[in-house]
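First comes the structure, then the notes that go with it.
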Amino acid sequence: MRLVLVRHAKAEDREKWVGEDDLKRPLTKKGKKQAKKIAKYLHKRYPKINAIVSSLALRACDTAKYIAKLQEHSTFFLSPHLNPEVGINGYDKHKDEIEEDWQTLVIVGHEPTISEFVKRICAKGELNLKIRKGCVVELERKNDEDWALIGLRNF
């Protein structure tokens, strides 16, 4: 099984965002280009993604939609458990999806949660990792309990 974690593409700066709701902060023009590149990369590498799960934040949701456009047979759904304020416990809520009989699952989310999750399942907390906006982290299940980090790519 492959688990692909994607940090949303470049969004409007939090400090400059005039909207009240951070979940509505959109992608920038650069972020949209970045999301398209991510989608093309994932389509080429994984032409049959089984499911795509995204946080409700507009920047993550829009990144995920670019990926979903190139994956005609994927299940796509949104999850409040992946929202930025939920943290690492939200990923635990999707444990069932991660353990499904799917070959490839994509989760689009936020930092610092993605790097915390990777540290926990791959390195038992012994990995120093910071995921930039527009980064793809590829994991592969080695056995029932262990995962291997097989790819990390910034766009």
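The values are calculated or read from the model by the stated rules, or taken from the named source; none is laboratory data. Keep in mind it's a predicted model, so treat the numbers as computed, not measured. In this analysis, Cβ positions are derived from the backbone assuming ideal geometry, glycine residues included, and neighbour counts consider all displayed protein chains. With ligands, DNA and RNA removed, areas are computed over all heavy atoms of the protein, side chains included. Shrake-Rupley method; radii C 1.70, N 1.55, O 1.52, S 1.80 Å.
Things worth noting here:
- The peptide list 51-59, 31-39, put in order of mean Cβ contacts within 10 Å with the highest first, becomes 51-59, 31-39.
- Relative contact order of segment 25-148, taken over Cα pairs closer than 8 Å and 6 or more residues apart, is 24 percent.
- Here segment 1-98 exposes an accessible surface that is 51 percent carbon and sulfur, computed with a 1.4 Å probe and the other protein chains kept in place.
- Between Lys40, Lys30, Lys65, the GNM of the chain built on Cα springs shorter than 10 angstrom shows Lys30 fluctuating the most.
- Between the listed residues Pro26, His110, Leu129, the Cα displaced farthest toward the positive end of the dipole of the chain, a dipole computed from Cβ unit charges relative to the Cα centre, is found at Pro26.
- Around the amide H of Arg25, modelled in the peptide plane, lie the amide H atoms of Leu58, Arg59, all under 5 Å away and 5 or more residues distant in sequence or on another chain.
- Working note: Karplus 6.51/-1.76/1.60 with θ = phi - 60° gives segment 86-94 the couplings 6, x, 4, 4, x, 5, 5, 5, 9 Hz, where Gly and Pro are set to x.
- The phi-based Karplus calculation (6.51 cos²θ - 1.76 cosθ + 1.60; θ = phi - 60°) puts the 3J(HN,Hα) values of segment 42-53 at 5, 5, 5, 7, 10, x, 10, 6, 6, 8, 10, 10 Hz, whole numbers, x for Gly and Pro.
- Helices in the chain, meaning DSSP H runs of at least 4 residues, each add -39500 (n - 2.57). Divided by all residues, the mean residue ellipticity at 222 nm is -9000 deg cm²/dmol.
- Calculated accessible area for segment 47-111 comes out at 48 Å² per residue, all protein chains present (probe 1.4 Å; ligands, DNA, RNA ignored).
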